[in-house]
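Every read-out reported here was derived from the displayed coordinates using simple, explicitly stated rules and does not represent laboratory data. All figures in this text were calculated on a predicted structure; none of them were measured in a lab. Cβ placement follows ideal geometry from the backbone for every residue including glycine, while neighbour counts extend to all protein chains displayed.
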Amino acid sequence: MVITGAEVTALVGSYLWPLFRIGGLVMSAPLFGSRPVPARIRLGLTVAISIVVVPLLSPSTPQVDALSPSGVLIVIQQVLIGVMMGFAFQLVVSAVITGGQVVALQMGLGFSLMVDPQNGAQAPVLSQLYVLMVLLVFLGLDGHLVMIEILTDSFKYMPVSDKGLVPDNLWQLVSWGSMIFSGAVGLALPAIAALLIVNMSFGVMTRAAPQLNIFAIGFPITMMIGFAVVLLTLPSVVPNSNGMFNQIYHLVQQMLGMGAP
């Protein structure tokens, strides 16, 4: 048996190029790309997914040296595609964090901060509650499997080459950043409306009876009503987050050329 250098290059390339795209997705996707996940775990997950996905792909991989200018350009394109998909899914998590911050500020819990394991920054505790709930919904609805399925289909509609994303795709992803605010408003709107009515009631009481110390009783009452509203609106978080994930699935499919949403 004679193994030539071209055959070795083709074998390495068939696993190397998809590895960069899969690594970009794992590095930036929610849950998998969070900071508490060790780098070795992410690397092992990337290799495991590559071993499973590569045999399902077409064998038409570019015969290019990885250290050549064309090889570097292919690597950059594959990493950008993977990071684009992971960043799109991160939009949903950012929307949930923003919605939790708005509700916490309305309740007076803006000072109760903790380190967000997803981004490594401080966020209100209420945001962490929403994020954990949404991630559990994401896993419970097999969102991670859908993400891997879209990743596998991306090699069919956007094969490995030095041509990948175009500026229109990146601008489309940036324009969908507005979903952070629209999704946050959708999650926080019931609590905002309820707490606005409470604050207006306190304003009327202050005008009607100025001798009342509203500042002493307003904060605990607002917090208790806020917790009640959060408890009542938690069931609505599941369909809202599921709808945002479905929109992201369609967005990624559209950018990869799989069809319009």
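With one equal scatterer per alpha carbon and no solvent term, the Debye-computed log10 I(q)/I(0) for region 155-260 at 0.12, 0.21, 0.23 1/Å reads -0.63, -1.08, -1.18. Each semi-axis of the equivalent ellipsoid for region 5-255 is √(5λ) with λ an eigenvalue of the Cα gyration tensor; in descending order they amount to 47, 16, 14 Å. Determine the shape class of region 150-194: with a ≥ b ≥ c the square roots of the Cα gyration tensor eigenvalues, call it rounded for a/c under 1.5, and otherwise prolate if a/b is greater than b/c, oblate otherwise. In terms of gyration-tensor shape, oblate. For ILE81, ILE197, the sequence from fewest to most other C-beta atoms within 10 Å is ILE197, ILE81.
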